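Below: one structure, written as structure tokens.
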Amino acid sequence: QFSTRVVSCRAAELRPEGGGEPVRGFEVVLEDTILFPEGGGQPDDRGLIGDVPVLRVTRRGPEALHFVPAALEPGVEVLLSLDWERRFDHMQQHSGQHLITAIADQMFGFKTTSWELGRQRSLIELDTPSVTAEQVEALERSVNEKIRDRVPVTVRELAADDPEIETVRSRGLPDDHVGPVRIIDIEGIDSNMCCGTHVSNLSDLQVIKLLGTEKGKKNKTNLVFLAGNRVLKSIEQSHNTEKALTSLLKTGPGEHVEAVRRLQSSVKLLQKNNLNLLRDIAVLIARDFKSKPAPKQLFVLHRKEGDSEFMNIIANEIGTEETLLFLTVGDEKEAGLFLLAGPAEAVEDLGPRVAELLGGKGAGKRGRFQGKASKMSHRAEVQALLQEFISHRSSEA
């Protein structure tokens, strides 16, 4: 916590991180702050000003802008509270990135070109087209050795024109930077220009887990990692998943993969058999309709189980030169598929109207119009439309 004073408060809008409509609120500037504004690859802090939640902290030159949902009176003294769990997580990930970056450069000459502190995992972009599994293993082993060595991490500030700045690792200063330059030193390992928040000793990182690599931008590789409490949370999630799978599969963790493979093979066989049965049913339905002495001009069928192929087989078997077919598959109360088949001119005219009644979309050619429907319960309205069309056509004839 930190006591400070409100300098200014003005109306503003905040765009949610996940998208959506802007949120109306206020941008507050304080005399000083303990909340870190987003920057340098690190997200911002969260907290409270009094009992008002801080929803975002950004930087404008030397000022930190605190976005809050309620106005605060300029000149009033306030108590600023920091969300420590979020802050410490960011400290662990950011210091972990510095350590991994430094050791990757020392061991293999891999330079870091950017990094991202994600909500669940973090990425370091390495300037190399590939990293082997053996290199990842050696890098993980080395960074965890440094953590066990309890290496100090210190912060110092230099004047912007200090020649020593040229000797530290840096991606350059922002154009709107003012004041001293902040240097993060990992004793004997790394010296880096950085505005972010960090631990004071590598032992605070607890452990680092390198999850592997992903293909990055052109000729670059993304290294995925977890640090500190995120490793513990990941282990807990994996253990809970393992327990659930053990209960479902009735096998020990070592047999889970093979058990899932067996299930996949069984499902594929069942799907194949089910498809064959649906084809047989489609043929039988069509033959039954054709065997009747006086075939009707309209054939309507709904079936919960089925797919587009099932409906097209029926249409092929019945033939659509004389008969208008309206076929649907899916849950009657939910979404599904539909097929309208028959004389080309009739289908071309009726297809879009059928799709509209069913709350869906479709396309047609050569006497068939098919698509997806969101209102399967409106099938009766479609049937009435088709019956009216046939009656009108018969009266004209």
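The values are calculated or read from the model by the stated rules, or taken from the named source; none is laboratory data. Here the structure is a predicted model, which means the values were calculated and not measured. Neighbour counts are summed over all protein chains in view; Cβ atoms, including those assigned to glycine, are modelled from backbone coordinates with ideal geometry. In case anyone asks, the SASA skips ligands and DNA or RNA and just uses the protein heavy atoms, side chains included. Shrake-Rupley method; radii C 1.70, N 1.55, O 1.52, S 1.80 Å.
With respect to Val68, is the statement that it is open to solvent by less than 20 Å² (accessible area, probe 1.4 Å), under 28 Å from the mean Cα position of the chain (by Cα), touching a residue at least 40 places away in the same chain (Cβ under 8 Å) and not assigned by the TED database to the domain that holds Thr154 true?
yes
Filter the stretch 150-173 for residues that are at pLDDT 95 or above and open to solvent by 100 Å² or more (accessible area, probe 1.4 Å) and give the result.
Across the stretch 150-173, the qualifying residue is only Arg150.
Looking at Glu381, Glu322, which is the one that is assigned to a helix (DSSP H, G or I) and among the charged types (D, E, K, R)?
Glu381 is the lone residue from the list that is assigned to a helix (DSSP H, G or I) and among the charged types (D, E, K, R).
Working only within the stretch 182-194, note down all residues that are more than 36 Å from the chain's Cα centre (by Cα) and surrounded by 12 or more Cβ atoms within 10 Å (Cβ to Cβ).
Quick first cut of the stretch 182-194, residues more than 36 Å from the chain's Cα centre (by Cα) only: 187-188.
Glu187, the sole residue that qualifies.
Only residues that are in a strand (DSSP E or B) and of a type in the set (Val, Ile, Thr): list them for the stretch 70-102, please.
Val78
I'm trying to understand the selection: among the residues of the stretch 25-48, which are in contact (Cβ under 8 Å) with a residue 40 or more places away in the chain and not in a loop (DSSP other than H, G, I, E, B)?
Within the stretch 25-48, Gly25, Phe26, Glu27, Val28, Leu30, Gly39, Gln42 meet the criteria.
Keeping to the stretch 346-381, report how many residues are among the small types (Gly, Ala, Ser), open to solvent by 20 Å² or more (accessible area, probe 1.4 Å) and more than 20 Å from Glu322 (Cα to Cα).
Residues meeting the conditions: 7.
Of all residues in the stretch 257-285, which are under 23 Å from Ala315 (Cβ atoms) and either at pLDDT 95 or above or open to solvent by less than 70 Å² (accessible area, probe 1.4 Å) (or both)?
Those that are under 23 Å from Ala315 (Cβ atoms) and either at pLDDT 95 or above or open to solvent by less than 70 Å² (accessible area, probe 1.4 Å) (or both): Leu275, Asn276, Leu278, Ile281, Ala282, Val283, Ile285.
Under 7 Å between Cβ atoms, at least 6 apart or on separate chains: pull out the pairs that start in the stretch 262-288 with a residue that is over 16 Å from Gly306 (Cα atoms) and end on any residue that is assigned to a helix (DSSP H, G or I).
Arg287/Glu317
Would you say Glu17 is exposed (fewer than 15 other Cβ atoms within 10 Å of the Cβ), in contact (Cβ under 8 Å) with a residue 60 or more places away in the chain, assigned to a loop (DSSP other than H, G, I, E, B) and among the charged types (D, E, K, R)?
no
Kindly evaluate Arg56 against the criterion of being surrounded by fewer than 17 Cβ atoms within 10 Å (Cβ to Cβ), under 31 Å from the mean Cα position of the chain (by Cα) and not assigned by the TED database to the domain that holds Lys209.
no
On the basis of being open to solvent by 90 Å² or more (accessible area, probe 1.4 Å) and out of contact with any helix residue (DSSP H, G or I) (no Cβ under 8 Å at 6 or more places or on another chain), does Glu305 make the cut?
The answer is no for Glu305.
Regarding the stretch 322-345, can at least one residue be identified that is open to solvent by 60 Å² or more (accessible area, probe 1.4 Å) and within 23 Å of Ser291 (Cβ to Cβ)?
yes
Which of the residues spanning the stretch 109-130 are surrounded by 15 or more Cβ atoms within 10 Å (Cβ to Cβ), over 12 Å from Phe225 (Cβ atoms) and out of contact with any Asp or Glu (no Cβ under 9 Å at 6 or more places or on another chain)?
The answer is Asp127, Thr128.
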